[in-house]
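Worksheet: one structure, shown below.
The values are calculated or read from the model by the stated rules, or taken from the named source; none is laboratory data. Not measured: the values here are computed from a predicted model. Cβ coordinates were reconstructed from backbone atoms using ideal geometry, including for glycine residues, and neighbour counts include every protein chain displayed.
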Amino acid sequence: MPKRRVPNFGTDEEAARFWDTRSVAGYLDELEPVEGVTFGRVRVQVSLRLPPKQFGRLKQIAAARGIDLETMLGTWVTERQQQEEAEHAAPVASSSAP
């Protein structure tokens, strides 16, 4: 079987089209580990306890907007944070705690 070659991609879209139609299994011998690369946004998970009725209503609101609940709540938190920061001269310092 001839050796396969991973092409050099000019854009992320080219790479996506290539890998959408192939299995990475046939190219493992050409791949190298990469360290220090983060894809997407790094997020911290938060646990929140809500009364069941409120949770149900929030899910309904998100569904009516055509978005998932987590996206809607994240947007609301960001909007409220921006509002708070705009109302105060200096932004609230973020904690460096783990």
Quiz item: Taking interchain pairs and intrachain pairs at least six residues apart, which have beta carbon atoms under 9 angstrom, with the first residue in the range 71-90 and at pLDDT 90 or above and the second small (G, A, S)?
Solution: T71/A62; M72/A62; L73/A62
Quiz item: When residues of the range 22-50 are filtered for being among the aromatic types (F, W, Y) and in contact (Cβ under 8 Å) with a residue 24 or more places away in the chain, how many remain?
Solution: 0
Quiz prompt | Count of the range 18-50 residues which are at pLDDT below 90, surrounded by 10 or more Cβ atoms within 10 Å (Cβ to Cβ) and within 24 Å of the chain's Cα centre (by Cα) | solution = 1
